[in-house]
Amino acid sequence: QVQLVESGGGLVQAGGSLRLSCAASGRTFSSYAMGWFRQAPGKEREFVAGISSTGFTYYADSVKGRFTISRDNAKNTNYLQMNSLKPEDTAVYYCATRNGWRASPNSAYDYWGQGTQVTVSS
């Protein structure tokens, strides 16, 4: 059974940084893409970043240059480093993985974590 557990969310002032972690279990994740999504109140869930099994990364335009996704296959964990945070980054952030190696923004993801709240104050 695939399980994803996010951690690292919290409250931060604008301009600050947070690092989200996603611990995966239930299979060896080195062969699969992983990604991060977010959902703000009253909005649809949106793609934030993805990393393929080969390490190729994708980012939403709104976070390019500020967020960095990475993965540690030995630990079955991926990370989202978020710098220069803005109030509009406030959302619940979800980790996801899929039954495939590609991590493009329009890829369908199969497994999801429970989410972690990120709140950026102005």
I'd like the FRET efficiency for residue 44 and residue 73, computed as 1/(1 + (r/R0)^6) with the beta carbon distance as r and R0 of 25 Å, rounded to 0.05. 0.20
Rounded to whole Å², per residue accessible area for the range 21-122 with a 1.4 Å probe reads 48
Explain nothing, just compute: Karplus ³J(HN,Hα) = 6.51 cos²θ - 1.76 cosθ + 1.60, θ = phi - 60°, for every residue of the range 71-86 in order, whole Hz, x for Gly and Pro. 9, 10, 5, 5, 9, 6, 9, 10, 10, 10, 7, 10, 10, 6, 5, 10
Take the solvent-accessible surface of the protein heavy atoms, probe 1.4 Å, and return the percent of it on the range 29-83 that carbon and sulfur atoms account for. 45
Contact order relative to length for the range 1-51, counting C-alpha pairs under 8 Å separated by 6 or more residues, stands in percent at 29
Nearest-20 debye value, the chain charge dipole, Cβ charges on Lys, Arg, Asp, Glu: 180
So what is the relative contact order for the chain, in percent, with contacts set as C-alpha pairs under 8 Å and at least six apart? 36
Contour minus Cα-Cα distance for residue 19 and residue 99 (0.36 nm per residue): 26.3 nm
In Å and whole numbers, how far do the C-alpha atoms of the chain stretch along each principal axis, longest first? 40, 27, 24
Based on the Cβ-Cβ distance of residue 61 and residue 31, what FRET efficiency does E = 1/(1 + (r/R0)^6) give at R0 = 41 Å, to the nearest 0.05? 0.90
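The values are calculated or read from the model by the stated rules, or taken from the named source; none is laboratory data. Because the structure is predicted, anything quoted here is derived from the model rather than measured. Quick reminder, even Gly has a Cβ in these numbers, built from the backbone with ideal geometry, and neighbours come from all protein chains shown. These accessible areas exclude ligands, DNA and RNA; they are computed on the full protein's heavy atoms, side chains included. Shrake-Rupley method; radii C 1.70, N 1.55, O 1.52, S 1.80 Å.
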